[in-house]
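Inspection log for the structure reproduced underneath, given as structure tokens.
The values are calculated or read from the model by the stated rules, or taken from the named source; none is laboratory data. Here the structure is a predicted model, which is why all the values come from computation and not from measurement. We place every Cβ from the backbone using ideal geometry, glycine too, and count neighbours over all the protein chains shown. Note: areas computed on protein heavy atoms with side chains; ligands, DNA, RNA excluded. Shrake-Rupley method; radii C 1.70, N 1.55, O 1.52, S 1.80 Å.
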Amino acid sequence: MLALIIGFTFSMAIDRHDQREIFEEGEANAIGTEFLRADLLSPKHSAVTKDLLLQYVDQRILFYSKQSPEKIQEIRSKTDQLQADLWNEIVPVVRKQDTPSIALVASGMNDVLNSQGYVQAAWWNRIPLTAWALMTAIAICANLLVGFGARNFERNMGLFMIFPFVVSVSFFLIADIDSPRGGVIRIEARNLIALKSNLIQQMEKAKPSIGNK
């Protein structure tokens, strides 16, 4: 029974880990797409929107790194402010120019904001405390039974020592996978880092053409 519950909980932790990685990739795709759609705006609004998106990518990369609770709160505040600035930048354009291309820009910005919400919800989605309590109670009972059965300690020393060790390792592995920021196995912002490098290259390539105009 203990093995079944540990296996089920481990599967839950792996599924949540994979989901967080998928949402990180989706967030990078949404930001990259909106960066390209910003070219549909006027040169002034396009430049401001792209600059804000670059700042936004920086904050999203910091979100995935290991930070103190105070720093995480600061990152969230800056992220919220940048989201408001990005939305306020395109709202006047959408109101003045009700065209399919501008609607595409607004839809892309909506995807950027929604993707951050999906990521945050996935990071809050952890294994319930009741599941941990049930596993702990069953593990304690199982170890007590093993200890009670190991009356001849010298003959059963392997069983007496290995079983608690295996259970402890299983618990630590599940807890580590279920901690996206604090554990050894963390969610890394690979796609966002690659996106930032790509966006910077696009900006540098666009500068000479803007200067020629």
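Per-structure values
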quantity: Evaluation of residue 133 against (1) surrounded by 14 or more Cβ atoms within 10 Å (Cβ to Cβ); (2) out of contact with any Lys or Arg (no Cβ under 7 Å at 6 or more places or on another chain); (3) hydrophobic (A, V, I, L, M, F, W, C) (one fails), failing number; calculated: (1)
quantity: Those residues of region 1-12 which are open to solvent by 70 Å² or more (accessible area, probe 1.4 Å) and without any contact (Cβ under 8 Å) to a residue 60 or more places away in the chain, in sequence order; calculated: 3, 4, 8
quantity: Residues satisfying the stated conditions in region 49-91, i.e. of a type in the set (D, E, K, R) and outside any helix (DSSP H, G or I); calculated: 66
quantity: Residue count, region 102-115 (criterion: within 14 Å of residue 45 (Cα to Cα) and either of a type outside the set (Val, Ile, Thr) or in contact with a His (Cβ under 6 Å, 6 or more places away or on another chain) (or both)); calculated: 2
quantity: Residue ID - farthest from residue 27 (Cα to Cα), chosen from residues in region 93-113 that are open to solvent by less than 60 Å² (accessible area, probe 1.4 Å) and touching a residue at least 40 places away in the same chain (Cβ under 8 Å); calculated: 93
quantity: Residue list for region 76-101, restricted to those being over 28 Å from residue 124 (Cβ atoms) and of a type in the set (Gly, Ala, Ser); calculated: 101
quantity: Count of region 13-59 residues which are within 16 Å of residue 122 (Cα to Cα) and either under 13 Å from the mean Cα position of the chain (by Cα) or open to solvent by 40 Å² or more (accessible area, probe 1.4 Å) (or both); calculated: 15
quantity: Options 126, 186, 155: the member that is surrounded by fewer than 15 Cβ atoms within 10 Å (Cβ to Cβ), in a loop (DSSP other than H, G, I, E, B), out of contact with any helix residue (DSSP H, G or I) (no Cβ under 7 Å at 6 or more places or on another chain) and at pLDDT below 90; calculated: 155
quantity: Residue selected from region 62-92 under the condition aliphatic (A, V, I, L, M) and surrounded by fewer than 16 Cβ atoms within 10 Å (Cβ to Cβ), by the criterion nearest to the chain's Cα centre (by Cα); calculated: 72
quantity: Which listed residue, of 166, 112, 119, 105, is at pLDDT 90 or above, among the β-branched types (Val, Ile, Thr) and more than 15 Å from the chain's Cα centre (by Cα); calculated: 105
quantity: Contacts under 8 angstrom Cβ, first residue in region 18-42 being within 16 Å of residue 54 (Cα to Cα), partner hydrophobic (A, V, I, L, M, F, W, C) and open to solvent by 10 Å² or more (accessible area, probe 1.4 Å), 6 or more apart; calculated: 28/194; 28/195; 31/195; 32/195; 37/104
